[in-house]
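> Mind looking over this structure? Questions follow.
The values are calculated or read from the model by the stated rules, or taken from the named source; none is laboratory data. Since this is a predicted model, take the numbers as computed values, not measurements. A quick note on method: Cβ atoms are made from the backbone with ideal geometry, for glycine too, and the neighbour counts reach across all protein chains shown.
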Amino acid sequence: MEEDGPEVLETGGALNVRYRGRLLYPERGPCSLAQRTAAAAELGPDRLYLLPSPLLWYGIPELLARIGEGSALLCLEEDPGLAALSQAHWPQSLREEPRLGFLPSSDPERALAASQALGRFRRVILLRMSGGEALHREAYGRVAARLQAEFAAHWRSQASLMAMGRLWARTIFRNVAALPNLALAPAPSYPGALAVCGAGPSLEKGLAFLARESARGRLSILAVDTALGSLLQAGIRPNIVVCLEGQAHNLADFVPGAGSGIALLSDLSSHPASTGILGGPVSLSAVAITPSRFLERLQASLRGGRLPFLECPPLGSVGVHSLHLARRLARGPILALGLDFAFEVGKTHARASPSLLDEERKLDRLHPWPRQAGAAWREGVRAAEHGLRTDPILASYAALLADEASKPGPPVYDLRDRGLDLGLPRLEPEEASRLLDGLAAPSQGEPEPRLPGKEARQSLAKAILGEELARLDTIEAAMKGRLGLSREAFLALVEESDYLLWPLPDGHRLPSLAQDLLNRLLVEVQYWRWKLGDVEAFLEEDRGA
């Protein structure tokens with residue numbers, strides 16, 4: 001029988017399973033182990049209990065009776081014979097249980113999709129309910145690790161939305177209102193080699209190389225905003241500067257280049273004031289901060305108004321974002337400088353960066369470099385190669401950049417003399433010069449398309465803001481009982497303006513229409529009616545001027 005598949009038999013007064021020469025439940029009291037496991041399982045809200053090899057489903061009804069709010073069970077079975085047995089013995093009452101799923105596989109991606117159908121979870125708890133788990137233990141462990149990593153990434157993103165969501169949405173709306181007055185231009189293309197310059201300390205070694213090769217016309221330079229001061233102090237004018245920061249404190253990065261006419265590639269979520277300081281042409285990117293119907297609607301409106309922008313994935317760091325942009329804009333090789341994701345003790349950035357200049361202004365005999373030195377001993381900071389320091393966030397950005405550079409596109413070379421390993425082929429400046437020697441002379445790019453004029457952009461901005469205010473009025477009227485909407489229509493309306501949920505940690509509970517969540521949602525609606533009213537008034541004043 002075992003050659004054909006598992007055998008169901010009776011031991012100790014209950015059904016058991018024999019497979020591959022062993023019993024998969026205890027011989028005496030087959031259901032006892034599963035029931036004890038269910039009774040001892042960690043409880044809490046939003047847990048996903050991962051149950052390999054459910055077999056005869058012992059202990060699972062007991063576990064379902066105990067789990068906390070928002071929790072669910074996902075049963076897996078890698079072995080085809082055991083999967084068929086589990087399907088055959090699956091009780092009808094459990095088949096109809098919305099908090100339980102069964103997947104005859106241990107594929108991590110299929111398990112992730114199955115978990116998302118069950119809900120949104122904070123933690124994975126792997127429980128051994130039968131001896132079948134031991135037959136594919138490593139595979140089930142990989143599933144648990146994949147799900148936990150995905151859940152952790154989601155909640156990190158949610159934490160960012162809670163802290164920054166209002167700011168990002170506010171800057172997006174303010175940038176929409178500023179569209180009529182921007183010196184808007186399509187994102188440029190660079191037919192030759194392109195250097196991507198971060199503001200890490202290693203940038204200093206590459207300054208001489210950059211000055212030489214850019215002066216000879218063989219190298220274009222794309223700089224992150226914080227690197228602008230270091231480059232300009234060395235007499236190097238970058239071709240374009242990248243901005244990805246909604247907070248005002250990064251505006252100091254642009255002061256060294258005020259009025260210089262240098263091109264800017266700014267994200268829609270960046271602080272609106274950043275677009276006017278340099279005084280040059282402004283190109284736009286639109287980072288998908290989070291999966292969002294609001295952002296999809298906004299991008300569709302911009303495309304409908306024939307306004308160019310680059311859709312970008314959320315990469316967190318302006319350095320990784322800059323590399324992503326560079327690989328889309330350049331046809332030749334990419335040279336990485338200053339993208340260290342690590343720093344020296346007492347020196348976090350390259351010289352002439354705003355943080356160092358600010359410290360220099362505050363130096364005295366009793367307080368030498370207080371914040372620069374203190375940065376090396378923050379919680380979570382650890383030692384890295386070459387005597388540098390890093391932390392988990394910087395290390396994760398380095399891993400993201402390595403992944404980004406491995407995707408199809410122009411090759412990326414590492415010209416740094418220090419910093420975290422990025423998995424890139426390293427070049428010394430002399431080797432990079434020989435690489436440039438071998439490149440063909442860049443050809444002329446295509447002519448830039450004609451963009452809509454100020455009036456057209458003003459009409460587009462007014463339409464976007466007006467539509468959003470009308471949506472908010474409808475949502476508020478429905479919530480206050482002045483307008484009758486079906487449950488489905490109300491949920492669809494809120495989800496189309498899901499920036500309302502960004503600051504709410506439990507926004508995923510919206511379908512339940514829980515009163516505590518609706519109370520906080522109404523506060524958000526009223527806040528945004530006020531803020532968008534101000535933004536729309538600003539647009540009207542500009543029209544009048």
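> Look through G279, G246, G304, G261 and report the one residue that is surrounded by fewer than 20 Cβ atoms within 10 Å (Cβ to Cβ) and either touching a Phe, Trp or Tyr at 6+ places or on another chain (Cβ under 6 Å) or within 18 Å of A178 (Cβ to Cβ) (or both). Outline the logic, then answer.
Working: G246 fails: surrounded by fewer than 20 Cβ atoms within 10 Å (Cβ to Cβ); G304 fails: either touching a Phe, Trp or Tyr at 6+ places or on another chain (Cβ under 6 Å) or within 18 Å of A178 (Cβ to Cβ) (or both); G261 fails: either touching a Phe, Trp or Tyr at 6+ places or on another chain (Cβ under 6 Å) or within 18 Å of A178 (Cβ to Cβ) (or both).
Criteria check complete, one pass: G279.
> Any chance the stretch 146-163 includes a residue that's hydrophobic (A, V, I, L, M, F, W, C), closer than 22 Å to L265 by Cα and assigned to a helix (DSSP H, G or I)? Please lay out each step first, then the result.
Of the stretch 146-163, the ones hydrophobic (A, V, I, L, M, F, W, C) are 147, 149, 151-153, 155, 159, 161-163.
Retained after the next criterion (residues that are closer than 22 Å to L265 by Cα): none.
Looking through the stretch 146-163, none of the residues is hydrophobic (A, V, I, L, M, F, W, C), closer than 22 Å to L265 by Cα and assigned to a helix (DSSP H, G or I).
> What number goes with the only condition from (1) exposed (fewer than 14 other Cβ atoms within 10 Å of the Cβ); (2) within 28 Å of Q116 (Cβ to Cβ) that G466 does not pass?
With respect to (1) exposed (fewer than 14 other Cβ atoms within 10 Å of the Cβ); (2) within 28 Å of Q116 (Cβ to Cβ), G466 is out only on (2).
> Would you please name the residue that is farthest from the chain's Cα centre (by Cα), looking only at residues in the stretch 72-105 that are over 23 Å from L43 (Cα atoms), surrounded by fewer than 20 Cβ atoms within 10 Å (Cβ to Cβ) and polar (S, T, N, Q)?
Ranking the candidates gives Q92 first.
> Condition test on G507, is it on the phi < 0 side of the Ramachandran plot, exposed (fewer than 14 other Cβ atoms within 10 Å of the Cβ) and in contact with a helix residue (DSSP H, G or I) (Cβ under 8 Å, 6 or more places away or on another chain)?
Values: on the phi < 0 side of the Ramachandran plot: yes; exposed (fewer than 14 other Cβ atoms within 10 Å of the Cβ): no; in contact with a helix residue (DSSP H, G or I) (Cβ under 8 Å, 6 or more places away or on another chain): yes.
So G507 does not fit the description; no.
> Being at pLDDT below 80, buried (at least 17 other Cβ atoms within 10 Å of the Cβ) and not β-branched (V, I, T) is the requirement here; does R365 meet it? First the steps, then the outcome.
Working: at pLDDT below 80: yes; buried (at least 17 other Cβ atoms within 10 Å of the Cβ): no; not β-branched (V, I, T): yes.
Here the answer is no, as R365 does not meet what is asked.
Yes or no, residue by residue, for (1) touching a strand residue (DSSP E or B) at 6+ places or on another chain (Cβ under 6 Å); (2) over 24 Å from R328 (Cα atoms); (3) not aliphatic (A, V, I, L, M):
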residue: A178; (1), (2), (3): no, yes, no
residue: G200; (1), (2), (3): no, no, yes
residue: G206; (1), (2), (3): yes, no, yes
residue: R216; (1), (2), (3): no, no, yes
residue: A234; (1), (2), (3): no, yes, no
residue: L264; (1), (2), (3): yes, no, no
residue: D267; (1), (2), (3): yes, no, yes
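> Evaluate the following for R120: is it surrounded by 15 or more Cβ atoms within 10 Å (Cβ to Cβ), among the basic types (K, R) and part of a helix (DSSP H, G or I)? Walk me through it before giving the result.
On the way: surrounded by 15 or more Cβ atoms within 10 Å (Cβ to Cβ): yes; among the basic types (K, R): yes; part of a helix (DSSP H, G or I): no.
Considered against the rule, which asks whether it is surrounded by 15 or more Cβ atoms within 10 Å (Cβ to Cβ), among the basic types (K, R) and part of a helix (DSSP H, G or I), R120 comes out as no.
> In addition: Considering A187, A159, A169, which residue is outside the structural domain of W528 (by TED's automatic domain parsing), over 17 Å from the mean Cα position of the chain (by Cα) and of a type in the set (A, V, I, L, M)? Before you say what the answer is, go through the steps one by one.
Details: A159 fails: over 17 Å from the mean Cα position of the chain (by Cα); A169 fails: over 17 Å from the mean Cα position of the chain (by Cα).
Unique residue meeting the criteria: A187.
> Would you point out the residue of the stretch 390-437, among those that are among the small types (G, A, S) and in a helix (DSSP H, G or I), that is surrounded by the most Cβ atoms within 10 Å (Cβ to Cβ)? Steps first, please.
Of the residues in the stretch 390-437, the ones among the small types (G, A, S) are 395-396, 398-399, 402, 405-406, 409, 419, 423, 432-433.
Pick out the ones that are also in a helix (DSSP H, G or I) and you get 395-396, 398-399, 402, 405, 432-433.
Values: A395: 15, S396: 16, A398: 24, A399: 16, A402: 16, A405: 22, A432: 22, S433: 16.
So, considering only residues that are among the small types (G, A, S) and in a helix (DSSP H, G or I), the one surrounded by the most Cβ atoms within 10 Å (Cβ to Cβ) is A398.
> All but one of (1) without any contact (Cβ under 8 Å) to a residue 12 or more places away in the chain; (2) within 26 Å of G70 (Cβ to Cβ) hold for F490, so report the exception by its number.
(1)
> Among (1) surrounded by 15 or more Cβ atoms within 10 Å (Cβ to Cβ); (2) of a type outside the set (V, I, T); (3) on the phi > 0 side of the Ramachandran plot, there is one condition A34 misses while meeting the rest; what is its number?
Tallying (1) surrounded by 15 or more Cβ atoms within 10 Å (Cβ to Cβ); (2) of a type outside the set (V, I, T); (3) on the phi > 0 side of the Ramachandran plot, A34 fails exactly one: (3).
> State all residues of the stretch 392-424 that are touching a Pro at 6+ places or on another chain (Cβ under 8 Å), within 16 Å of D340 (Cα to Cα) and not aromatic (F, W, Y); if no residue qualifies, say none. Don't jump to the end; show me each part of the working.
Narrowing the stretch 392-424 to residues touching a Pro at 6+ places or on another chain (Cβ under 8 Å): 410-415, 418.
Now restrict to residues that are within 16 Å of D340 (Cα to Cα): 412-415, 418.
Passing the criteria: V412, D414, L415, R418.
> Check L228, L203, L265 and return the single one that is farther than 15 Å from A352 by Cβ and either without any contact (Cβ under 8 Å) to a residue 12 or more places away in the chain or aliphatic (A, V, I, L, M) (or both). It would help to see each step written out before you state the result.
Numbers: L228 fails: farther than 15 Å from A352 by Cβ; L203 fails: farther than 15 Å from A352 by Cβ.
Selected residue: L265, the only one of L228, L203, L265 that is farther than 15 Å from A352 by Cβ and either without any contact (Cβ under 8 Å) to a residue 12 or more places away in the chain or aliphatic (A, V, I, L, M) (or both).
> Continuing with this model, one more query. Are there any helices (runs of 4 or more DSSP H) wholly within the stretch 177-286 with 2 or more residues that are within 26 Å of F309 (Cβ to Cβ), and if so which? Steps first, answer last, please.
Values: elements: 203-215, 228-233, 274-277.
Result: 228-233, 274-277.
> Right, L310: crowded, with 19+ Cβ neighbours inside 10 Å and hydrophobic (A, V, I, L, M, F, W, C) or not?
In short, no.
> Follow-up. Out of all the residues in the stretch 235-255, which are farther than 30 Å from R166 by Cβ and touching a residue at least 40 places away in the same chain (Cβ under 8 Å)? Walk me through it before giving the result.
Initially, the stretch 235-255 is screened for residues farther than 30 Å from R166 by Cβ, giving 235-239.
P238, N239, listed by residue number.
> Something else now. Looking at P6, P45, P61, can you tell me which residue is loosely packed, with under 15 Cβ neighbours inside 10 Å and touching a residue at least 24 places away in the same chain (Cβ under 8 Å)? It would help to see each step written out before you state the result.
On the way: P6 fails: loosely packed, with under 15 Cβ neighbours inside 10 Å; P61 fails: loosely packed, with under 15 Cβ neighbours inside 10 Å.
Step by step, each of P6, P45, P61 is checked, and only P45 is loosely packed, with under 15 Cβ neighbours inside 10 Å and touching a residue at least 24 places away in the same chain (Cβ under 8 Å).
> Next up: When you scan the stretch 124-132, do you find a residue that is touching a residue at least 40 places away in the same chain (Cβ under 8 Å), charged (D, E, K, R) and crowded, with 19+ Cβ neighbours inside 10 Å, even just one?
Residues of the stretch 124-132 that are touching a residue at least 40 places away in the same chain (Cβ under 8 Å), as a first pass: 124-132.
Filter once more, so that each one left must be charged (D, E, K, R): 128.
Filter once more, keeping what is crowded, with 19+ Cβ neighbours inside 10 Å: none.
Among the residues of the stretch 124-132, not one is touching a residue at least 40 places away in the same chain (Cβ under 8 Å), charged (D, E, K, R) and crowded, with 19+ Cβ neighbours inside 10 Å, which makes the answer no.
> Now for a separate question. Exactly one condition in (1) in contact (Cβ under 8 Å) with a residue 24 or more places away in the chain; (2) surrounded by fewer than 23 Cβ atoms within 10 Å (Cβ to Cβ); (3) of a type in the set (A, V, I, L, M, F, W, C) is false for A215; which is it?
So the condition that A215 fails would be (1).
> Test L302 against the stated conditions and say whether it is among the hydrophobic types (A, V, I, L, M, F, W, C) and assigned to a helix (DSSP H, G or I). Quick ask: steps written out before the conclusion?
Numbers: among the hydrophobic types (A, V, I, L, M, F, W, C): yes; assigned to a helix (DSSP H, G or I): yes.
When the stated conditions are applied, L302 passes them.
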